[in-house]
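Asks: Structure in structure tokens, see below.
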Amino acid sequence: MKIQQLRYLCEVARRGLNVSEAAETLHTSQPGISKQIRLLEEELGVEVFVRNGKRITAVTEPGRAILAIAERILQEARNLKRVGEEFSQETAGTFTVATTHTQARYALPAVVERFIKRYPKVRLSLMQGNPTQIAQHVIAGEADIAIATEALESFDELVSLPCYQWNRCVVVPPKHPLLKVKPLTLEAIARYPIVTYDFAFTGRSQLQKAFDQRGLDPNVVLTAIDADVIKTYVELGLGVGILAEMAFDPKRDKGLQAIDASHLFESSTTRIGLRRGDYLRAYVYDFIELFAPQLARRIVQAAMEARGSDYEL
């Protein structure tokens with residue numbers, strides 16, 4: 001039995017039983033993966049996958065147990081490597097943060113700048129996506145931490161830590177009629193086409209909930225995962241934008257004006273997600289504390305040891 005065989009096994013499962021995608025991800029050949037999985041099955045004496053000809057169609061009952069154990073073995077193998085690096089290269093290594101565009105563009109720059117100055121030998125990478133994609137990157141071991149709004153708490157494989165709360169603003173072109181509405185109301189917003197976040201973002205549900213409670217059916221004409229895209233189309237006159245308040249910068253967004261909408265929507269919570277059972281390098285703890293000062297190392301460690309994915313301070 002080889003670690004590489006377990007890696008192939010888990011990647012095929014992770015890619016929806018698509019051996020071609022697994023081979024592409026692992027930079028190897030499809031026949032090579034198939035051969036190694038067959039060899040592993042012969043060694044174990046059971047089939048992990050159900051096959052229809054050469055095509056894998058399902059996971060067998062013993063296969064589900066084998067995959068769960070294989071995932072734990074691969075995680076512990078990564079942990080062993082991290083422990084070695086921690087004591088042989090304390091201030092060097094790699095660190096991948098999976099996050100949304102809004103966090104990467106507006107919340108993280110100052111943190112990243114301070115982190116890089118403190119750890120110049122650490123190669124930091126940012127992976128962007130929607131909250132579900134971000135969580136899956138961490139669960140798969142492709143990223144060390146996830147930063148997103150609320151969705152992370154729904155994944156049992158992750159420990160979810162609250163960082164800060166935020167709310168929304170409405171952005172409009174100068175001289176837009178909404179600028180004269182005091183105070184701003186949902187009824188007034190609903191009179192105009194709306195440009196806002198994609199449905200994949202949990203924060204979007206807070207918008208829909210607020211309109212539903214008032215019996216309103218807003219006309220959402222465009223959705224995007226990128227706050228800058230939302231602002232671009234508002235400038236073009238496509239509609240009024242609803243986005244995170246942090247995503248509006250008066251100095252940069254001179255062609256728009258923002259109206260506070262925090263009284264109209266429930267606040268959302270940005271969280272950090274960590275894969276349960278992972279060994280975290282010291283610089284990961286430092287990054288977390290730079291981003292959320294209340295999350296000192298002892299608190300993060302306690303959360304990693306606690307049961308349940310949603311840890312409240």
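Asks: Can you find even one residue in the stretch 62-70 that is under 21 Å from residue 287 (Cα atoms) and of a type in the set (D, E, K, R)?
Replies: Residues of the stretch 62-70 under 21 Å from residue 287 (Cα atoms): none.
Checking the stretch 62-70: not a single residue is under 21 Å from residue 287 (Cα atoms) and of a type in the set (D, E, K, R).
Asks: So is residue 57 open to solvent by 20 Å² or more (accessible area, probe 1.4 Å), in a loop (DSSP other than H, G, I, E, B) and farther than 30 Å from residue 165 by Cβ or not? Step through it out loud before you land on a result.
Replies: Values: open to solvent by 20 Å² or more (accessible area, probe 1.4 Å): yes; in a loop (DSSP other than H, G, I, E, B): no; farther than 30 Å from residue 165 by Cβ: yes.
Here the answer is no, as residue 57 does not meet what is asked.
Asks: Can you name the number of the only condition in (1) at pLDDT 90 or above; (2) buried (at least 19 other Cβ atoms within 10 Å of the Cβ) that residue 11 fails?
Replies: (1)
Asks: Additional query: What strands (runs of 3 or more DSSP E), lying completely within the stretch 170-258, carry at least 2 residues that are loosely packed, with under 15 Cβ neighbours inside 10 Å and over 28 Å from the mean Cα position of the chain (by Cα)?
Replies: On the way: elements: 194-197, 220-224, 240-244.
Filter on the stretch 170-258 gives an empty set.
Asks: Kindly check whether there is at least one residue in the stretch 18-26 that is hydroxyl-bearing (Ser, Thr, Tyr), open to solvent by 50 Å² or more (accessible area, probe 1.4 Å) and in a strand (DSSP E or B).
Replies: Step one: list which residues in the stretch 18-26 are hydroxyl-bearing (Ser, Thr, Tyr), which gives 20, 25.
This time we only want the ones that are open to solvent by 50 Å² or more (accessible area, probe 1.4 Å), so: 20, 25.
Going one step further and asking which of them are in a strand (DSSP E or B), we end up with none.
Among the residues of the stretch 18-26, not one is hydroxyl-bearing (Ser, Thr, Tyr), open to solvent by 50 Å² or more (accessible area, probe 1.4 Å) and in a strand (DSSP E or B), which makes the answer no.
Asks: Scan the stretch 190-220 residue by residue and report those that are more than 29 Å from residue 271 (Cα to Cα) and not charged (D, E, K, R).
Replies: Here is the first cut: in the stretch 190-220, the residues more than 29 Å from residue 271 (Cα to Cα) are 190-193, 215-217, 219.
Result: 190, 192, 193, 215, 216, 219.
Asks: Here's another thing I want to ask about it. With respect to residue 152, determine if the residue is of a type outside the set (D, E, K, R), part of a helix (DSSP H, G or I) and either modelled with pLDDT of 95 or more or open to solvent by 30 Å² or more (accessible area, probe 1.4 Å) (or both). Spell out how you get there, then give the answer.
Replies: On the way: of a type outside the set (D, E, K, R): yes; part of a helix (DSSP H, G or I): yes; either modelled with pLDDT of 95 or more or open to solvent by 30 Å² or more (accessible area, probe 1.4 Å) (or both): no.
Answer is no for this residue.
Asks: Next question, about the same structure. Among the candidates 280, 290, single out the residue that is assigned to a loop (DSSP other than H, G, I, E, B) and of a type in the set (A, V, I, L, M, F, W, C).
Replies: Values: 290 fails: assigned to a loop (DSSP other than H, G, I, E, B).
Only one candidate qualifies: 280.
Asks: Same structure, new question: Given the conditions (1) closer than 24 Å to residue 131 by Cβ; (2) among the basic types (Lys, Arg); (3) more than 27 Å from the chain's Cα centre (by Cα), which single one is not true for residue 35?
Replies: All conditions pass for residue 35, except number (1).
Asks: Same structure, new question: Which condition number in (1) open to solvent by 30 Å² or more (accessible area, probe 1.4 Å); (2) under 16 Å from residue 144 (Cβ atoms); (3) not small (Gly, Ala, Ser) is the one that residue 74 fails?
Replies: Just one mismatch for residue 74, condition (1).
Asks: Exactly one condition in (1) at pLDDT below 85; (2) touching a strand residue (DSSP E or B) at 6+ places or on another chain (Cβ under 9 Å); (3) open to solvent by less than 60 Å² (accessible area, probe 1.4 Å) is false for residue 83; which is it?
Replies: Looking at each condition in turn, residue 83 falls short on (2).
Asks: Right, residue 261: touching a residue at least 12 places away in the same chain (Cβ under 8 Å), under 18 Å from residue 102 (Cα atoms), out of contact with any Lys or Arg (no Cβ under 6 Å at 6 or more places or on another chain) and not polar (S, T, N, Q) or not?
Replies: Spelling it out, it is not the case that residue 261 is touching a residue at least 12 places away in the same chain (Cβ under 8 Å), under 18 Å from residue 102 (Cα atoms), out of contact with any Lys or Arg (no Cβ under 6 Å at 6 or more places or on another chain) and not polar (S, T, N, Q).
Asks: Are any residues in the stretch 100-135 touching a helix residue (DSSP H, G or I) at 6+ places or on another chain (Cβ under 8 Å), more than 21 Å from residue 153 (Cα to Cα) and in a helix (DSSP H, G or I), and if so, which ones?
Replies: 105, 106, 111, 114, 115, 118
The values are calculated or read from the model by the stated rules, or taken from the named source; none is laboratory data. Every value quoted in this text rests on a predicted model; they were computed, and no experiment measured them. Methodologically, a virtual Cβ is constructed for each residue, glycine included, from the backbone with ideal geometry; neighbour enumeration extends over all protein chains shown. Areas reflect the complete protein model, heavy atoms only, side chains present, ligands, DNA and RNA absent. Shrake-Rupley method; radii C 1.70, N 1.55, O 1.52, S 1.80 Å.
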